[in-house]
């Protein structure tokens, strides 16, 4: 209980410090260029992607079985859902192709692989760090192949974003949403993971040079 209190306090401080600075940085760095990522669409896409992916993952478990090939199918579906909606939000600005969603699916599948090899639980911090690092590296390769520079911070930001998002979703929101029922609490918890992850990921995203698009 003491450890949970410490983690909750730390996460609260991080949110209070990071979120205003992220939004300020996004406004400062992107607005002058004339090419603006739709930040609301980016965060909303992450929220829908995580909630939808987690829900489909449950259906996969029901259909294939509780293991679903060690859970890799579940997490690959989760990653594909997140990756597709992320790609939809940034495809016009970063020039990334379908490899972005594939990288997300493969990276999140590493979550289950790490769990199987290490014996860790799904919500262990190490599992989220490994998954985030895997996603960050694979999506960084996708960015490099598309010619996007200044993308190195993407690798570091992903494990931080998804770990903090998981802690907030599980420790803050889920207990509050439980009275609303299992379906609502499940969707709300995973949606919060995506919102927080998306906000933190704007830190490296605003530092990447955006591609100018013709209005047509």
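Read-outs throughout are calculated quantities, based only on the coordinates presented, and are distinct from any laboratory measurement. The structure displayed is predicted, hence computed values, not measured ones. Because the Cβ atoms are built from the backbone with ideal geometry, glycine has one as well, and the counts that use them run over all protein chains shown.
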Computed lengthening from residue 207 to residue 58, 0.36 nm per intervening residue step minus Cα-Cα distance
50.1 nm
Counting other beta carbons within 10 Å of each Cβ, put 81, 127 in order, fewest first.
127, 81
Report the full-extension gain for the segment residue 88 to residue 176: residue separation times 0.36 nm, less the Cα-Cα distance, to one decimal in nm.
28.6 nm
Applying a 10 Å radius around every beta-carbon, put 87-100, 157-170 in order of their mean neighbour count, most first.
157-170, 87-100
